[in-house]
1. With springs only between Cα atoms under 10 Å, which of 371, 250, 336 fluctuates most in a Gaussian network model of the chain?
2. Any idea what the relative contact order of region 1-127 is, in percent, if you count C-alpha pairs under 8 Å spaced at least 6 apart?
3. What percent does the relative contact order of the chain come to when contacts are Cα pairs within less than 8 Å and at least six residues apart?
4. Using alpha-carbon pairs under 8 Å, 6+ residues apart, how would you state the relative contact order of region 171-315 in percent?
5. With both partners inside the chain, how many of the DSSP beta bridges are antiparallel, as a percent to the nearest 5?
6. To the nearest 10 degrees, how steeply does helix 12-23 sit against the main Cα axis of the chain, on a 0 to 90 scale?
7. As a check on your grasp of the helix formula, calculate [θ] at 222 nm for the chain: sum -39500 (n - 2.57) over DSSP H runs of n ≥ 4, divide by the residue count, round to the nearest 500.
8. Taking every alpha carbon pair in the chain, what does the distance histogram look like in 20 angstrom bins from 0, in percent?
Ligand code: APR
Ligand code: PHB
């Protein structure tokens, strides 16, 4: 089989790329290891930046999101058991965020690709990349027991942190950096009413907590735990006790509890592979970078990379210009590094480190106090949370939605 762009991975990055390429008249094939059912039902992130919402709407994917997603104009920061609202909408001249689960975005994308008779192959195995520095790279894979070869002009590695694409870049040219945090997040999905109209990020002496939402009946909450802790140590009662203690306020606010339908623990880290392009291979999304979830950036960064890649491929195929593709890593990395910075900053400001001295704790609370009491401080948080723009090479490349 032959295609223009071979895409490995049907996460938000891979599916969005194939959708945008289709709109530009460029042929692609998506190869996904998991089943359609698995990718459409796995619980992942949930916050969409304004730019992501705009892109989904502008490319015909906004209908269900507008109906079922929940718009938030701000977030709450809580410390010393008091809440402080950051009015994102006001501080960013009208930007908002949308609470709409990643697997819902995936469902909308899969539906759109299938309706357009897009080539999506699920449950493929043995994916391997070949000759990525030649003009005719290829991907071999097994599907329904048969071995196949996909010959492409370009390969997009959208296969997450553990996928084979990044490994196809030789170690001696691959520039990678990793940072581990001594924090983990225990996440729950609970059948309870909405806790609060907006997300609450809490710094408490017992550790961080986050109250988030999925639908009016289904809430998503997190508490900071040891990254090596076992979920078996956390009964539902113990989780609710911690959530109550960490989120109560001096004026007597108390979280409503109820049945927990899913719980898990994830460790937190930052990772970046600065070699986002190697020959005809382009990495995008989690394949190239991981951020801790505190800044809600993972999905949005993946969509940012894809906008650059799709535009670069469009310019090359439709206008014969190779500028954007030639500078793909540079364009993406400016935004990616800023998101790494922001996620690291939010993480360090909100989590309790048991090894911190009273001095370090004092600095942490002063940071929070500065952010909530200074317009400059809260504006900085707001513009990063709502999403920074892609910085194109020159003015003429700026996309206006
Ligand atoms: N062959 C084919 N597909 C693969 C392989 C493989 N060997 N390895 C991984 N994949 C698939 C995964 O099954 C997954 O569906 O690649 C896809 C990668 O998707 P995501 O992990 O969702 O990554 P990405 O599209 O970059 O989106 C980033 O996902 O991890 C979250 O919070 C993160 O929201 C962010 C978003
Ligand atoms: C979520 O709802 O899953 C969520 C929200 C905000 C975050 C991280 C996760 O910062």
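Readers should treat all values here as calculations from the given coordinates under stated rules, not as data from a laboratory. Keep in mind that this is a model prediction, so the values were computed, not measured.
1. Highest fluctuation among the options: 250.
2. Working: 180 pairs, mean separation 43.3, N = 127.
Normalised by residue count, the contact order of region 1-127 is 34 percent.
3. Numbers: 805 pairs, mean separation 79.8, N = 401.
For the chain, the relative contact order is 20 percent.
4. Numbers: 241 pairs, mean separation 40.5, N = 145.
Contact order relative to length: 28 percent.
5. Details: 52 of 71 bridges.
The answer is about 75 percent antiparallel.
6. The answer is roughly 50 degrees.
7. Details: 12 runs with 140 residues, N = 401.
Per the formula, -11000 deg cm²/dmol.
8. With a bin width of 20 Å, the distribution comes to 27, 56, 17, 0.
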